[in-house]
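A quick write-up on the structure given underneath.
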Amino acid sequence: RVGGTACQYTAGVIAKLGLDARVTLLDAEMVGLDREGRVIELSDGSQLAYDVLLVTCGMQEQTCNTFAETDLEVAGAIISALELAADFSVGDAAAMERIVVYGNTLESYHALSVLESRGAAQKMQFIAPPSDEVHPMVRVLRECAVLAQLPLPQPTTALLKTLNSVPGDTRPIAVFEGADGLDKGSLDLLVGCQPPEVSRIVFLCLNNAGVVYDGRVVVDATFRTSDPHIYAAGTAARLSRRYGRDVHFQHYNSREVGSALGDSVAQSFHLATAGGAAYPAPGSLSLGLGASKVVGCSAPGGMTFEFAGSPLAMASPSLDPPPGGRALHTLTERGFLQVTLAANQCVHNVVYLGKLPLPVHKLSCLVGLHVAYLDNLATKFDEGRVTDLISYVSSDAMELLYHDHFAKFRNGVLGSSIEAVVGGAAPSSVLAGAQEAALEFVRAHIAELPAFTLPTTA
């Protein structure tokens, strides 16, 4: 594992996991790749040999890298929204005069919220470079704000042309080009919030080595690149076009993708150990990815935005339902919540904008469920019996859906029910079996479901 500032697994964490004898953590970046020798060159000048190389570096905001290439001294004045939230203090705000949030993404609104909470509301500027189209997720946030009648800051459109350091001064000079011409002045802090991209260094390493790259690292259904010894996954990877158009892993659940990558690599070693082909044929493993993903941000005014959706919903985020579907939403003092149903009556996405964050795992669990699991929500909504969706999805009756083992239980029951129907079982007996299985599940976890009461006889 080669990690940089974004690496979440420190040496201490590795030791606690009991993996210190198996995992070596290197704080360096890949700057060169020798495919023939199976060696990568690292930014600290060392080399690392590999049998299998996994490229899971993801994508990062590139404002700092862009301007630090020409003037390294300005790097200290540029940070990301994540770094801002972690390190920026009230004292920092008091010592600064001008803070620019640059970009038009969810991260930019999160940065504005952080600055507002640290007392820098009067010192911040919200500027976004010219763009042909607003990011779809930002559009959803803005539409939610309009429906909730909440003011949301809009950026001034201007392009950051140059950012140059000044000898003897910690404040660089920034030049923005907007509709009114050039705006030149000093700034204390630039918060980069542009859409993330694959690191240029990683791109050059792979491209120069002949690994196929098409906006992202191209892989097959086993996560292998054009080199069978190099795998890639995460936001920096995409499926080959022969598997479908624009299938980017950034729309998929990261945990699920990581598990699938691990399974694929493990299977290649098992096949080699068993004396079979060391690497399975392209497409011989099924991805089977469909878990929901949740994104969001804090927003100015003390609000929280959350969007949970299927991979299809994440690829095209919108408040509009898919063809044949419908949207159910309510607005209360607690906030705005929409449950969007697809044509098959399954939850396509859940969108929330409110004062307090809703538990992410709950929103995630709802995605993909048939509306019947939500106690026939659509029928109750049409009858006017549901006027507060936030309270509805947070009620005790929904707790079973959020149990850690419910998804596995549900998939098991679905699989056995389908097998029973195919085998000729009567629908009534299949239903009875499913009901009995559900009762057994509740009985096994009754201590974790205090709102549920078991019948005295079963």
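The values are calculated or read from the model by the stated rules, or taken from the named source; none is laboratory data. Predicted model, so just to flag it, every value in this text is computed and none were measured. Using ideal geometry, Cβ is built from the backbone for each residue, glycine included, and neighbour counts are taken over all protein chains shown.
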Exercise for the section: Please tell me if Leu159 is of a type in the set (A, V, I, L, M) and surrounded by fewer than 17 Cβ atoms within 10 Å (Cβ to Cβ). Expected result: yes
Problem - Hits in the range 178-206 (condition: surrounded by fewer than 19 Cβ atoms within 10 Å (Cβ to Cβ) and more than 28 Å from Asp92 (Cβ to Cβ)) - result: Ala179, Asp180, Gly181, Leu182, Arg200, Ile201, Phe203, Leu204
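Hey, can you tell me all the residues within the range 301-316 that are assigned to a loop (DSSP other than H, G, I, E, B) and buried (at least 20 other Cβ atoms within 10 Å of the Cβ)?
Answer for the range 301-316, where residues must be assigned to a loop (DSSP other than H, G, I, E, B) and buried (at least 20 other Cβ atoms within 10 Å of the Cβ): just Ser310.
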Exercise for the section: Scan Leu356, Leu389 and give me the residue that is farther than 20 Å from Ser254 by Cβ and at pLDDT below 95. Expected result: Leu356
Handout entry: Looking only at the range 20-35, and only at residues there that are out of contact with any strand residue (DSSP E or B) (no Cβ under 8 Å at 6 or more places or on another chain) and within 20 Å of Phe269 (Cα to Cα), the one that is modelled with the highest pLDDT
Key = Val23
Practice task
Tell me, please, whether a residue that is surrounded by fewer than 19 Cβ atoms within 10 Å (Cβ to Cβ), among the aliphatic types (A, V, I, L, M) and touching a Pro at 6+ places or on another chain (Cβ under 7 Å) can be found in the range 94-111.
Solution key: no
Practice task
Test each condition in (1) surrounded by 13 or more Cβ atoms within 10 Å (Cβ to Cβ); (2) among the acidic types (Asp, Glu); (3) under 28 Å from the mean Cα position of the chain (by Cα) for Asp87 and report the one that comes out false.
Solution key: (1)
Problem - Of residues in the range 163-177 being touching a residue at least 60 places away in the same chain (Cβ under 8 Å) and surrounded by 15 or more Cβ atoms within 10 Å (Cβ to Cβ), the one farthest from Val101 (Cα to Cα) - result: Ser165
Practice task
Name the one entry in Phe203, Phe223 that is touching a helix residue (DSSP H, G or I) at 6+ places or on another chain (Cβ under 6 Å) and either in the same structural domain as Ser113 (by TED's automatic domain parsing) or not acidic (Asp, Glu) (or both).
Solution key: Phe223
Practice task
With respect to Gln122, determine if the residue is at positive phi and polar (S, T, N, Q).
Solution key: no
Exercise for the section: Determine whether the range 45-62 contains at least one residue that is at pLDDT below 90 and in a strand (DSSP E or B). Expected result: no
Exercise for the section: Tell me, please, whether a residue that is modelled with pLDDT of 95 or more, assigned to a loop (DSSP other than H, G, I, E, B), in contact with a helix residue (DSSP H, G or I) (Cβ under 9 Å, 6 or more places away or on another chain) and under 28 Å from Ala28 (Cα atoms) can be found in the range 179-193. Expected result: yes
Practice task
Assess whether Cys297 counts as being buried (at least 21 other Cβ atoms within 10 Å of the Cβ), closer than 30 Å to Arg245 by Cα and touching a strand residue (DSSP E or B) at 6+ places or on another chain (Cβ under 8 Å).
Solution key: yes
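For residues in the range 363-392 being aliphatic (A, V, I, L, M) and under 27 Å from the mean Cα position of the chain (by Cα), which is nearest to Ser310 (Cα to Cα)? Working first, answer last.
Here is the first cut: in the range 363-392, the residues aliphatic (A, V, I, L, M) are 363, 366-367, 369, 371-372, 374, 377-378, 386, 389-390.
If we keep only those that are under 27 Å from the mean Cα position of the chain (by Cα) as well, we get 363, 366-367, 369, 371, 374, 389-390.
On the way: Leu363: 11, Leu366: 10, Val367: 7, Leu369: 11, Val371: 15, Leu374: 17, Leu389: 20, Ile390: 20 Å.
Ranking the candidates gives Val367 first.
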Fill in the blank from the handout: When every residue in the range 266-294 that is surrounded by fewer than 17 Cβ atoms within 10 Å (Cβ to Cβ) and within 30 Å of Glu107 (Cβ to Cβ) is compared, the one modelled with the highest pLDDT is Gly290
